[in-house]
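No lab work stands behind these numbers, since they all come straight from the coordinates. Everything numeric in this text was worked out from a predicted model, so none of it was measured. Cβ atoms come from the backbone with ideal geometry, glycine included; neighbour counts cover every protein chain shown.
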Amino acid sequence: MIIEGSRYEKANIIVENKKRILGTRRPITLPVRDDDKFYRIPSGQKLDHIAYLAWGHAEWWWILCDLNDILDPLADHSGKLIRIVSLERVALEVLS
């Protein structure tokens with residue numbers, strides 16, 4: 001069961017032998033805008049902490065991954081420059 005508001009809500013659902021299987025979801029592709037911020041990750045900081053600082057929601061770490069082509073969220077990303085979009089943009093263009 002996929003709950004409302006889940007990042008999997010818009011994922012492709014595959015039906016096989018009458019079973020619903022979660023497929024892939026489309027990656028987030030937002031063009032760069034003037035109000036985007038860029039942030040260099042300091043040593044030891046994790047993406048969930050950055051998401052919390054940026055948007056107040058640690059569970060939105062996956063948005064940072066999509067926006068910045070990060071495949072392994074648990075890897076050390078110290079020194080990497082990432083793009084952070086506004087909370088308004090996340091709400092209107094990613095989560096809606």
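Annotation note: GluC sites (Glu not before Pro) in segment 1-69 located in DSSP loop regions with a Cβ neighbour count of at most 14 within 10 Å are E4, E9.
Quick one, which of (1) 6.9; (2) 6.5; (3) 5.7 is the actual mean projected area of the Cα convex hull in nm² calculated for this model? The value computed from this structure is option (1).
When I28, I13 are sorted by how many other C-beta atoms sit within 10 angstrom of their C-beta, beginning with the fewest, the order is I13, I28. Here segment 70-96 is scanned for amide nitrogen atoms under 14 Å from the site 7 Å beyond the Cα of F38 along Cα-to-Cβ, giving 80-85. Compared with the alpha-carbon gap, the fully stretched path from K46 to T24 is longer by 5.5 nm at 0.36 nm per residue.
In the chain, the DSSP-assigned H stretches of four residues or longer account for a calculated mean residue ellipticity at 222 nm of -4500 deg cm²/dmol, using -39500 (n - 2.57) per stretch and the full residue count as denominator.
Here the residues H77, H57, ranked from fewest to most Cβ neighbours within 10 Å of their Cβ, fall in the order H57, H77.
By the beta-carbon count within 10 Å of each Cβ, the least crowded to most crowded order of K37, K46, fewest first, is K37, K46. For R89 and I14, the difference between the fully extended length at 0.36 nm per residue and the C-alpha to C-alpha distance is 24.1 nm.
Positive end of the dipole of the chain, charges at C-beta (+1 Lys, Arg; -1 Asp, Glu), about the Cα centre: which of I3, L53, I28 has its Cα farthest in that direction? The one lying farthest along the dipole's positive direction is I3.
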